[in-house]
Amino acid sequence: MNNMKTVIAPVNIAVIKYWGKRDEELILPLNDSVSATLATSVMCAKTSVFTGPQLTSDEIWLNGKKESFTNKRLVNCLEGIKAIAAKEKSVDEEFLKWKVHVCSVNNFPTAAGLASSAAGYACLVTALAKLYNVKSDVSCVARLGSGSACRSVYGGFVQWHAGTEPTGKDSIATQIAEASHWPEMRALILVVGDSAKKTSSTKGMKKTAETSELLKHRIEYCVPQRTTSIIQAIKEKNFPKFAEITMKDSNQFHAVCLDSYPPFVYMTEVSHKIVEVIHKYNEVCGEVKVAYTFDAGPNACLYLLEEEVPKIISLIKYVFPSSSPDNFVTGLNYEQHELSKDFLNKVGLEPESVDLLKYIIYTKVGEGPAEVTDGSHLLDQNGLPL
Ligand code: DP6
């Protein structure tokens, strides 16, 4: 059907973090960032968009709840795609005038604080681009929804170029390498039990940009070097180099949060324990085998190669025992592995109290957004939620 499109889109987890804007309205960042897009088979947003002459207003339903369409970022995304469609003359003028209905769901808990806005906006913008037959890059429109969303428009390894234009037209995402370039790359998301209300990314990065001296050093010296090096590491499939840069950049991102005035923190004691576990593991292995990275919350994302997964899951289960071990790991399948006494002695870690970690999501690097063609739309023929 030409007046309905449904798309799924992935989350992405940055290895060089975006933190700080030079333009709040256009969502232009102070620095380049780099991420990996994670498989939609494990975690994704799904969005249906519908248009027709019978609609009287733009409407949106998010995870089963009707929300207001007055949100500036949402309006900017819709207008951004319509403006490109008008320029490209990709649909009739009449078709562009009709209102739209949007229905979107995540297949993972939004409350877990897992980059849901990135997947959501990438999904919305891609669905609208398909509805209006837009052919050019839409990452600059996804960026207007949430900065990090522009990286979810592509699969594999992605760079968001900060750009220099005041209009933001060169602040776009490009693909560094496809997911198939490094097929062994895996991600484990360790969901940390935490209910404390956090400073939102938008508010936090504003505070950092206004007050942190360390951020200036990060943007001028650290990020440009790290971006070049990590792109090279990805191209060469050099895991130890990729992992070291990833961990250092995560650590520095959290350091600039502490250097903000007043300071704010996202990592908890459990997050710091995870950092310790990974460093000890790498030390015993005699090589960097696993990397951690933390966003604006306590959850860890571990990047590692497939062969390391059974051992790391086993170690995490040992250090963070669960009261429901059968449902502790979701996502991809993996082989069970029993760590030897000797290995555990060398790592020298004791089990923590039970249920500090809620669960683990096991996933891999995957493809970008894709149209759903099996007819499983979220809206009916009248544009109402099913
Ligand atoms: C820590 O993209 O959520 O995840 O642009 O204000 O919507 P806004 O912020 P958002 O920030 C993400 C910050 C981060 C790092 C990253 O993904 O690069």
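Where a number appears in this text, it was derived from the coordinates with a stated rule and is not lab data. Every value quoted in this text rests on a predicted model; they were computed, and no experiment measured them. Positions of Cβ are backbone-derived with ideal geometry, glycine not excepted, and every protein chain shown enters the neighbour counts.
Spin-label model, S41/D326: points 7 Å from Cα along the beta carbon direction are separated by 2.5 nm.
Classify the chain as rounded, prolate or oblate from the Cα gyration tensor: take a ≥ b ≥ c as the square roots of its eigenvalues, call it rounded if a/c is under 1.5, otherwise prolate when a/b beats b/c and oblate if not. Prolate, because a/c is 1.5 or more and a/b exceeds b/c.
For the pair V284 and T211, the difference between a 0.36 nm per residue extended length and the Cα-Cα distance amounts to 22.3 nm.
Quick one: check the C-alpha center-to-center distance for the range 200-218 versus the range 122-188, whole angstrom. The distance from the Cα centre of the range 200-218 to that of the range 122-188 comes to 23 Å. Amide H contacts under 5 Å for G52: K99, restricted to partners 5 or more places along the chain or on a different chain, H placed in the peptide plane at 1.01 Å from N. Its DSSP H runs of at least 4 residues, each contributing -39,500 (n - 2.57), put the calculated 222 nm mean residue ellipticity of the chain at -10500 deg cm²/dmol, to the nearest 500. Each of H377, H181, H337, H101 was scored by other Cβ atoms within 10 Å of its Cβ. Arranged with the fewest first, they read H337, H181, H377, H101. Can you bin the range 97-240 into rounded, prolate or oblate? Criterion: square roots of the alpha carbon gyration tensor eigenvalues sorted a ≥ b ≥ c, rounded for a/c under 1.5, prolate for a/b above b/c, oblate for the rest. Note, shape of the range 97-240 comes out rounded. Within the shell of other residues whose beta carbon sits under 12 angstrom from the beta carbon of S90, the net charge comes to +2, with Lys and Arg scored +1 and Asp and Glu -1.
Fully extending the segment from L339 to E88, taken as 0.36 nm per residue of separation minus the present Cα-Cα distance, adds 84.5 nm. Of K311/K358; K317/K358; K317/K346; K248/K311; K66/K99, which pairs sit farther than 21 Å apart, going by alpha carbon to alpha carbon? Checking Cα-Cα distances, K248/K311 exceed 21 Å. Counting only residues at least eight positions apart within a chain, or on another chain, the aspartates and glutamates with an alpha carbon under 18 Å from that of K207 are D23, E24, E25, D259, D295. The value of relative contact order for the range 1-75, using C-alpha pairs under 8 Å at least six residues apart, is 32 percent.
For A300, the amide hydrogen comes within under 5 Å of the amide hydrogens of L190, V192, counting only partners 5 or more places away or on other chains and with H modelled in the peptide plane. Other residues whose C-beta falls under 10 angstrom from the C-beta of S35 contribute a net charge of +2, scoring Lys and Arg +1 and Asp and Glu -1. The alpha carbon gyration tensor of the range 185-364 gives principal lengths a ≥ b ≥ c with a/c of 1.5 or higher and a/b no greater than b/c, which makes the shape oblate. For the chain, the longest principal axis of the alpha carbon atoms and the long axis of helix 239-258 meet at an angle near 80°. In order along the range 352-363, the phi-based Karplus estimate (6.51 cos²θ - 1.76 cosθ + 1.60, θ = phi - 60°) of 3J(HN,Hα) comes to 8, 5, 5, 6, 6, 9, 6, 6, 10, 10, 9, 9 Hz; Gly and Pro are listed as x.
Modelled this way, with points 7 Å down the Cα-to-C-beta line, the labels at K235 and T164 are 2.1 nm from one another. Each label was represented as a point 7 Å from its Cα along the Cα-to-Cβ direction; for L349 and E178 these points are 3.6 nm apart.
Fully extending the segment from K65 to E371, taken as 0.36 nm per residue of separation minus the present Cα-Cα distance, adds 107.8 nm. Pairing the Cα long axis of helix 309-319 with the longest principal axis of the chain, what angle in degrees results, from 0 to 90 and rounded to the nearest 10? Roughly 70 degrees, rounded to the nearest 10. Residues T40, T228, T47 in ascending order of nearby Cβ atoms (within 10 Å, fewest first): T228, T40, T47.
Rounded to the nearest 10 degrees, the angle from helix 201-211 to the longest Cα principal axis of the chain is 70 degrees.
As a proxy for reagent exposure, F320, F264 were ordered by neighbouring Cβ count within 10 angstrom, fewest first; the result is F264, F320.
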